[in-house]
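Presented below is the structure to which this report refers.
The values are calculated or read from the model by the stated rules, or taken from the named source; none is laboratory data. As the structure is a prediction and not an experimental result, all values here were calculated from the model. Cβ placement follows ideal geometry from the backbone for every residue including glycine, while neighbour counts extend to all protein chains displayed. SASA here: full protein model, heavy atoms, side chains in, ligands and nucleic acids out. Shrake-Rupley method; radii C 1.70, N 1.55, O 1.52, S 1.80 Å.
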Amino acid sequence: MRLTLLGTGCPSVSTERYGPSQLVRHGDRSVLIDCGSGVTQRLLEAGSSGREIDALVLTHLHSDHIVDLFQLIISAWHQGREVPQRVHGPRGTRGYVEGLMALWRPELEQRIAHERRPSTSGLEVEVTEFEEGPILRLDGLAIDAFAVSHEPVKNAYGFYCEAAGRRLVVSGDTRRCPAVVEAAKGADLLLHEVFVHQDMPVIPGVRSAETVERVASYHTLSAEVGKIAREAGVGALMLTHFAPPAADRDRLLAEVSADFPGPVILGEDLMSYDLERASLTYRQARVRISQGDGFAS
């Protein structure tokens, strides 16, 4: 099982960190988790495409996690996709997708009539709404959902992925909550969001002190994420969904490493982690990650 970070950012625009999205691959199977801004470009850079995705799984329906869904659908069709996009999401996903496709229906009908491509099946979307429990079983890759705490957002989930005896846990967007620790117990890799409070200053006309505190209240602070990884006893911790995107990397690494003695990886767009080999690739770099039997205190 291989995890590739396609976008490690948040709603704030960044040319380094695109919108939240991850690609999980096992054998010939590919599952996209979330569909943030720029995902189709990052898929190509990662050697994949919307045509090849077996399923899209959504953590929740915040705009930064779903904004490029139509772009994924239309670009995959242009890439020759001949089967419907399969979208698995929490309650409300079906209504969102139906509204999205209705909005673009006039353009789609025009394209279909004028471009005369061999198939229109790739423009169809099959939606499955889920709650806690199993979501997907694809040739040895299993993905389950567990509820997380992202209030006032309802129906927000993290994911537990397993293949070939390796386990990956994706936190989704959440404040610190017991469900993440429980799901991540003994996992090979925990991919967790992070809110870097000290790098989110008050800016008049942009965000007030109240704004900062309210945004922080439904995310996991950098002062907490290392403690979560230690409590869960994970093999390695990788961070994503950086808020703000331009957080001080050195200071963040020092802060999180003080709480978690295992490998701490600050995720970057297009960084990949091979769980079977415990190895990291990023551009031309190749790193072997030394893991013990977990780092629980």
* Keeping all protein chains in position, work out how much accessible area SER14 exposes to a 1.4 Å probe, and write it in Å² to the nearest 10. => 30
* Quick one: with all protein chains in place, what share of the accessible area of the stretch 174-297 is carbon or sulfur, to the nearest percent (1.4 Å probe)? -> 52
* Asked: Using a 1.4 angstrom probe and counting only protein chains, how large is the accessible area of VAL67 in Å², to 10?
  -> 80
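Which order do ARG17, ARG167, ARG117, ARG277 take by accessible area at a 1.4 Å probe, largest first?
Output order, biggest surface exposure first: ARG277, ARG117, ARG167, ARG17.
Quick check for you: with a 1.4 Å probe and neighbouring chains kept, what is the accessible area per residue of the chain, in Å²?
44
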* Answer label, with Cα Rg over 2.2 N^0.38 Å calculated from the coordinates and candidates (1) 0.98; (2) 0.92; (3) 1.18 -> (1)
* Accessible area of HIS241 in the full protein assembly, 1.4 Å probe (Å², nearest 10) -> 10
* Asked: For the stretch 101-154, taking Cα atoms only, what is the radius of gyration to one decimal and the Dmax to the nearest whole Å?
  -> 17.7, 46
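Using helices alone, I'd like the mean residue ellipticity at 222 nm for the chain: each DSSP H run of four-plus residues gives -39500 (n - 2.57), total over residue count, nearest 500.
-8000 deg cm²/dmol
Around GLN79, under 12 Å between beta carbons, what's the net of Lys plus Arg minus Asp minus Glu among the other residues? List each step's numbers first, then the result.
Working: positive: ARG51, ARG81, ARG117; negative: GLU52, GLU82.
Overall, the nearby charge balance is +1.
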* Relative contact order for the chain, counting Cα pairs under 8 Å that sit 6 or more residues apart, in percent -> 17
* To do: Give the ranking of VAL287, VAL13 by solvent-accessible surface, highest area first, calculated with a 1.4 Å probe.
  => VAL13, VAL287
